[in-house]
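Trainee: Can you read through this structure? Questions will come right after.
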Amino acid sequence: MEPKILKLIKKEEVAEGTMAFHFEKPAGFDFKAGQWNTWTLINPAETDAEGNSRDFSNIFAPHEAEIGFTTRMRDTAFKRILKNMEAGAEISMDGPFGSFILHSDASKPAVFLSGGIGITPFYSMVKDAANKKLQHQISLFYSNRRPEDAAFLDQLELLQQENPNYKFIGTMTEMAKSQKPWSGETGYITKEMVQKYVPDLQAPIYYMAGPPTMVTAMRKMLNDAGVNDDNIRSEEFSGY
């Protein structure tokens, strides 16, 4: 598959220190919600040891008119150039790649366990499920330090109005440092929190995405609860 050259439509801050980049969608470009692409800068003015390419999950669903990604903005050459890109600037995209997609058997519930920037594949997946009116029972747990750090928080909550089979459970671990109100869960995602919304822990297929430490902790929590590894799928986001 040949990489495609795409033009930037717009960029926006979607949480403190986190930006979303919207690009024109190539004609005939097809992908599955949850997949990722490799994005490469074209003749960048600067580079560093981390290189000119990154792998990012698509934040848009297949039915949407744009494609793009969301990332935490660190002080690297790649991120500096991204941050300064203007509408119309070009970037190379290869893909889609990956099998982190919703299972086809709607009789099995799906539980999404996400932390921080790990929300990106799930944002695509829940929009896709709403658009296709899928019958899967979906529970999305989304952990952040504060509401200020949580990308797409409002949109993820509102999607419950479009899809009666979808439940959003946000949780914040450092509300003492927040300036925003929060009436949802607090603390880290635990077995007890999951069981509050998913009474039968053995029934679902679990999907986990977030920092490696979180993914490891979630897998241990599920294994300790008797969940078979065959029913756990994961993606790790580190150093982005």
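Taken together, the values in this text are just the output of simple stated rules run on the coordinates, not laboratory data. These figures come from a predicted structure and were not determined experimentally. Note that each Cβ is placed from the backbone with ideal geometry, even for glycine, and that neighbours are counted across all protein chains shown.
Trainee: Looking only at Leu158, Leu134, Leu102, which one moves most when the chain is put into a Gaussian network model with springs between Cα atoms under 10 Å?
Mentor: Most flexible of the set in this elastic network: Leu158.
Trainee: Rounded to the nearest 20 Debye, what is the dipole magnitude of the chain about its Cα centre when Lys and Arg each give +1 and Asp and Glu each give -1 at the C-beta?
Mentor: Details: 26 positive and 32 negative charges, 64 e Å.
With Lys and Arg at +1 and Asp and Glu at -1, about 300 debye.
Trainee: What shape does the range 110-236 take by its C-alpha gyration tensor, where a ≥ b ≥ c are the square roots of the eigenvalues and a/c under 1.5 counts as rounded, a/b above b/c as prolate, and the rest as oblate? Present the calculation step by step, with values, prior to reporting the outcome.
Mentor: On the way: a/c = 1.59, a/b = 1.09, b/c = 1.45.
Cα axes put the range 110-236 in the oblate bin.
Trainee: Moving on to the next point. Which is farthest toward the positive dipole end of the chain among Ala225, Phe56, Gly68, measuring Cα position about the Cα centre, with Cβ charges +1 (Lys, Arg) and -1 (Asp, Glu)?
Mentor: Sorting the options by dipole projection puts first Ala225.
Trainee: What are the residues whose amide H is under 5 Å from the amide H of Val14, where those residues sit 5 or more places off or on another chain and H is modelled from the backbone?
Mentor: Met19, Ala20
Trainee: Then there's this: Given H placed on each backbone N at 1.01 Å, which residues far from Phe60 in sequence or on other chains put an amide H within less than 5 Å of it?
Mentor: Here Gly68 satisfy the definition.
Trainee: Now a separate question. ³J(HN,Hα) across the range 87-96 via Karplus (A = 6.51, B = -1.76, C = 1.60, θ = phi - 60°), whole Hz, x for Gly/Pro?
Mentor: Each residue of the range 87-96 in turn: 3, x, 5, 10, 9, 9, 10, 10, x, x Hz.
Trainee: Let me ask another. Calculate how many DSSP beta bridges within the chain are antiparallel, expressed in % of all such bridges and rounded to the nearest 5.
Mentor: Numbers: 27 of 52 bridges.
In the chain, DSSP labels about 50 percent of beta bridges as antiparallel.
Trainee: Distance in nm between label sites at Asp229 and Asp154, each 7 Å beyond Cα in the beta-carbon direction?
Mentor: Between Asp229 and Asp154, the label points sit 4.3 nm apart.
Trainee: Could you give the size of the charge dipole of the range 4-97 about its Cα centre, using +1 on the Cβ of each K and R and -1 on the Cβ of each D and E, expressed in debye and rounded to the nearest 20?
Mentor: Taking the Cα centre of the range 4-97 as origin, the dipole is about 40 debye.
Trainee: Ordered by residue, what ³J(HN,Hα) values in Hz, to whole numbers, does the range 37-42 give under the Karplus form 6.51 cos²θ - 1.76 cosθ + 1.60, where θ = phi - 60° and Gly and Pro are x?
Mentor: Whole-Hz 3J(HN,Hα) from phi for the range 37-42: 10, 9, 10, 10, 5, 9.
Trainee: Could you name the lysines whose alpha carbon sits less than 23 Å from that of Lys4, not counting residues in the same chain fewer than 8 places away?
Mentor: Cα-Cα hits under 23 Å: Lys25, Lys32, Lys79, Lys83.
Trainee: Right, another one. What distance in nm lies between label points placed 7 Å from Cα along the C-beta direction at Gln202 and Lys7?
Mentor: 5.7
Trainee: For helix 120-132, report the angle its Cα long axis makes with the longest principal axis of the Cα atoms of the chain; keep it between 0 and 90° and round to the nearest 10°.
Mentor: Approximately 70 degrees, to the nearest 10.
Trainee: May I pose another question? Taking a point 7 angstrom from the Cα of Lys180 along the C-beta vector, which residues in the range 56-90 have backbone N less than 18 Å away?
Mentor: The answer is 70-73.
Trainee: Would you be so kind as to identify which of Tyr123, Trp36, Phe141 lies farthest towards the positive end of the dipole of the chain, taking Lys and Arg as +1 and Asp and Glu as -1 on Cβ and the Cα centre as origin?
Mentor: Of Tyr123, Trp36, Phe141, it is Phe141.
Trainee: Take the alpha-carbon centre of the range 42-85, take the same for the range 182-240, and report the distance between them in whole Å.
Mentor: The range 42-85 and the range 182-240 have Cα centres spaced 28 Å from each other.
Trainee: Between Met73 and Lys191, with labels modelled 7 Å along Cα→Cβ, what's the label distance in nm to one decimal, could you check?
Mentor: The answer from the label model is 4.2 nm.
Trainee: Looking at the chain, identify the longest residue range that excludes and avoids all trypsin sites (Lys or Arg not before Pro) in DSSP loops having at most 13 other Cβ atoms within 10 Å.
Mentor: 134-240
Trainee: Next question, about the same structure. Using unit Cβ charges (K, R positive; D, E negative) and no other charged atoms, how large, in debye to the nearest 20, is the dipole of the range 110-236 about its Cα centre?
Mentor: Values: 13 positive and 15 negative charges, 25 e Å.
Roughly 120 debye, rounded to the nearest 20.
Trainee: Give the range of the longest stretch in the chain that excludes all GluC sites (Glu not before Pro) found in loop regions by DSSP and having at most 14 other beta-carbon atoms within 10 Å. Could you put the intermediate results ahead of the total?
Mentor: On the way: sites that count: Glu16, Glu46, Glu50, Glu86, Glu174.
Longest run free of exposed loop sites: 87-173.
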